[in-house]
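The values are calculated or read from the model by the stated rules, or taken from the named source; none is laboratory data. All of these numbers come straight from a predicted model, not from anything done at the bench. Note that each Cβ is placed from the backbone with ideal geometry, even for glycine, and that neighbours are counted across all protein chains shown. The protein model used for the area step is the full one, side chains on, heavy atoms only, and it has no ligands, DNA or RNA in it. Shrake-Rupley method; radii C 1.70, N 1.55, O 1.52, S 1.80 Å.
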Amino acid sequence: MLRFLLLFLILGAVVSVAVNAAEESRSSQPTIVTFGEDGVQRVSIVLDSHSYSPDHIVVQAGKPVELKLTSVTTFTPHNFVLKDGASQLSVERDVSAGKTLTVQFTPMQKGVFAFYCDKKLLFFPSHREKGMEGKLEVR
Ligand SMILES: [Cu+2]
């Protein structure tokens, strides 16, 4: 009996270490967006149910940003909402299943701003509530 208990404790420890490692890899390193030759900061973001990848991008203030948004879903529509009144960020674009589109904007203020998908089906929780959000860090 004692041996089983011990085995459980060890298994529990192993599982919790594995879970911690998985969580750390999920809160991944921020993606530092690089400049194209034309001075535009370009990055591709993949939309899936229910995530953005990468979900933490870092750009520089006062320089244009171009996001290439690609949905890899088969049916589920998603969108990309990035709004902040104080810094005049206002992006809201639908990204249909399987589609790719680009959006351009120039963030003028430094800070960390959330982007998210506010789609939802009927009375179910929104995609944002299911974890479909990320952050734009303007430096
Ligand atoms: Cu969505």
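Taking all protein chains as they are arranged and a probe of 1.4 Å, the heavy atoms of His127 leave approximately 10 Å² accessible to solvent.
Here the contact order of segment 58-113, divided by its residue count and restricted to Cα pairs under 8 Å and six or more residues apart, works out to 46 percent. Rounded to 0.05, the FRET efficiency of the Ala114 and Val40 pair, given R0 = 25 Å and the Cβ-Cβ distance, is 0.65. The label point for His56 and the one for Thr106, both projected 7 Å from the Cα toward the Cβ, are 2.9 nm apart. The listed residues Ile57, Ile32, once ranked by accessible area (1.4 Å probe) with the largest placed first, stand as Ile32, Ile57.
The chymotrypsin sites (Phe, Trp or Tyr not before Pro) of segment 30-131 that DSSP puts in a loop, and whose beta carbon has at most 15 other beta carbons within 10 Å, are Phe75, Phe123. In units of the compact-protein estimate 2.2 N^0.38 Å, segment 75-139 shows a Cα radius of gyration of 1.19.
Could you work out how far the C-alpha centroid of segment 101-131 sits from that of segment 34-77, in angstrom? Centre-to-centre (Cα) distance: 12 Å. In this view, the solvent-accessible surface of Asp84, computed with a 1.4 Å probe and all protein chains in place, comes to about 40 Å². Were the residues from Glu66 through Ser90 laid out at 0.36 nm apart, the gain over their Cα-Cα distance would be 7.3 nm. In summary, the lysines within cross-link reach of Lys63, defined as a Cα separation below 23 angstrom excluding same-chain residues under 8 places away, comprise Lys83, Lys110, Lys135.
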